[in-house]
Structures are given as C-alpha cells and as structure tokens.
Amino acid sequence: MKLKQKDSFTCPFCLHSFLQSEALYRCVALPQICRPEQDDIFDGFFDVAPEKRGRVFEGQSRQIRKLSLSSFQTTQVKCDMCATKTNAQVCPHCHGDLPEDFFSMVHVPFALQADNEEVPNLFVAGLLEKLGKITGHDIQATIEKVPLMNGFIFSFDKSSFGSKRVLVSFHTLNNIENEENKKSLKAALVFLEATTLFGDKDVSFAYKDIENISNDLMSGAILGINFYNIDDYYGYFAKTSAVVDSPDFRDGYQNLCGEYVSQEILTLFGAAYGVNFLRQIRQNIKPWRFGVCSLRDNHNVPLASYHRIEDLFLWQLHYVLEKGI
Ligand SMILES: [Zn+2]
Ligand SMILES: [Zn+2]
C-alpha cells in the first residue's frame, strides 16, 4: 500500500492525491492572445460538452517550491506559450480547475452511497438549498457553490468550527474506480429507504449496501446511515418528537437531538435488519450514527421541507474538523 504523504492534497473532483508542487496551471489569457486547446484529460473525466480550453502547462518547479513555503500566497507563473501570468491551478490527474484558495482550505470529501442512483443528486441539491436557509443564524457561515463541482465551500465565522474555509466535495462511492482514492474519504453517508425500517420492503439490498461500505471503507471515515423518505412514516414516530422536530444545534454541532434520533432508530433497525448485523456495525465501524431525512421540498405538516437533511451531514463535518481526521 502506498502511504499517503503528509503534505499531499486530495482533488475535489477525482480524489487523486497530489503535492502542491505537482499541480498544473491553466492559461487565462484571451483566446486571441493564447489559442485554446483541446483538453482530452479534462474531457475524459468531466461529463460536459467538449470545448477548447485554456492551455494547461507545468509551472517552473523552482518558482513553485519557493512559493509553497508561504502557503497563503497565491502562486503566479507565466504561460509557457504566451507569457501571460496566471494563478489558475488544475489537478494533475483530471485537469479539474481548483478553487482559488484550494491549498489553504480544509478539504472534506464525503462518499455517498444509495440503492437508488438519483438519491445522491437529490441529497446534494436539497442539502445546498437547506443550508442556504440556515446559514447566517443556525450556522454562522456563508456558503458558495464551486463551478463544476458537486460540493461547496463553507466560510465559517466564529462558530464552533472556528473561522475557517472548508471545501466539501461529494462523491458517489460506486463511481470511484480507484480503490486507493477511497482512502481519502473523510466521511460516508449511506442512504436507505425508510420503508426498510418497517419491514415493508426486502432489506437485503440495504444490508448489502452497508456491508459493502464497511468492507470498502475506510480508515476512520465517519459513517452516517440515513433513512430517507421519512415523510411517509413520521406517524410511526409520533411519540418521539426528537424525530419529527427540526434539528436543534443550540448545544453545538454535537447535536444532542440527532443522538436521540439515532437511539430511536436503533431499536427499529435491530428489528428490521437483525441484531447480529447491528452488532457488526457497532464493532467494526467507529464512529457512526443513524439519522432520518426527507429529500423533498414539501410542506407537509409536521415535517419541514428537506426535513433533517443537514443533520447527519453537520454532525459528520463537525466530527472531522474537530478531530482533525
Ligand atoms: Zn483531479
Ligand atoms: Zn497562454
């Protein structure tokens, strides 16, 4: 096994690890100054219409080495073709355009796993919308979407996360071909239909999903097992206001009410999936938590739109940032 180097960075697109000195540059000069080129590596990785892009080139190693000592300074190099200065950097493996301050941010890559392939996209879109509503009061942060990326940047401001910029990227576990890259993941969310908790549906599929993830994963990644489509089943939890209420982050991102939800699901899970499987999870995966969520923008009483969609995610993010995993 190749050991991950301490000063390596993980690409938010392809999850390859690379050193800052290995990052390539993209020329940003106008097309009439520097002719755009076909970027086969980029086109091979990103599912967008092929178009010619700014030339990708290597910066001079001496220049980069000097600048990497002061990591917050933006590196500027001259294009090897037209000599226009650029600080736009790309991943050496996929040529994905890295956010401007990528090397000074904390990057937290999440894996998403679901039995239905639409679920990861629904989740990311719903999460982004919900976070857009709660940042600023519940979460002291602002959020920006990064072009091309399935993810976003948090700028936290005096919260329990401290003042920092955090890049969150999402990756569908089944699409990660390179086994080594899975080791870069810091957290994983497995989505299971809530109906499997109540014996309405064959659970073997879900069972396999969790088993796969525990086999695949993952040196210390934080696991959240998230039961979606909870809207249809809130009646089952009528006595448990913890499940029906919105998450409450007043006691910080430890999110005590999220812990109550997890406890509540535990019994149902044991009944649906068997206590032996539950024991396996407890023994083999640490740390982990159950959650419930809605992936719908509905207004059914009593569940709010995208009910608890941020719950497990914020707990995992806090865990990663707090423990520096
Ligand atoms: Zn990449
Ligand atoms: Zn150029």
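Derivation of every value follows stated rules applied to the coordinates shown; laboratory data play no part. Computed from a prediction, not measured in an experiment: that's the story for all the values here. All Cβ positions, even for glycine, are placed from backbone atoms using ideal geometry, and neighbour counts span all protein chains on display.
Is the range 31-45 home to any residue that is of a type outside the set (D, E), touching a residue at least 60 places away in the same chain (Cβ under 8 Å) and either out of contact with any Leu (no Cβ under 7 Å at 6 or more places or on another chain) or within 15 Å of ligand 2 (Cβ to nearest atom) (or both)? No, every residue in the range 31-45 fails to be of a type outside the set (D, E), touching a residue at least 60 places away in the same chain (Cβ under 8 Å) and either out of contact with any Leu (no Cβ under 7 Å at 6 or more places or on another chain) or within 15 Å of ligand 2 (Cβ to nearest atom) (or both). Among residues of the range 71-125 being hydroxyl-bearing (S, T, Y) and assigned to a loop (DSSP other than H, G, I, E, B), the one that is nearest to ligand 2 (Cβ to nearest atom) is T84.
Can you work out which of the residues in the range 105-143 that are among the charged types (D, E, K, R) and touching a strand residue (DSSP E or B) at 6+ places or on another chain (Cβ under 9 Å) is surrounded by the most Cβ atoms within 10 Å (Cβ to Cβ)? Once the filter is applied, the top-ranked residue is D115.
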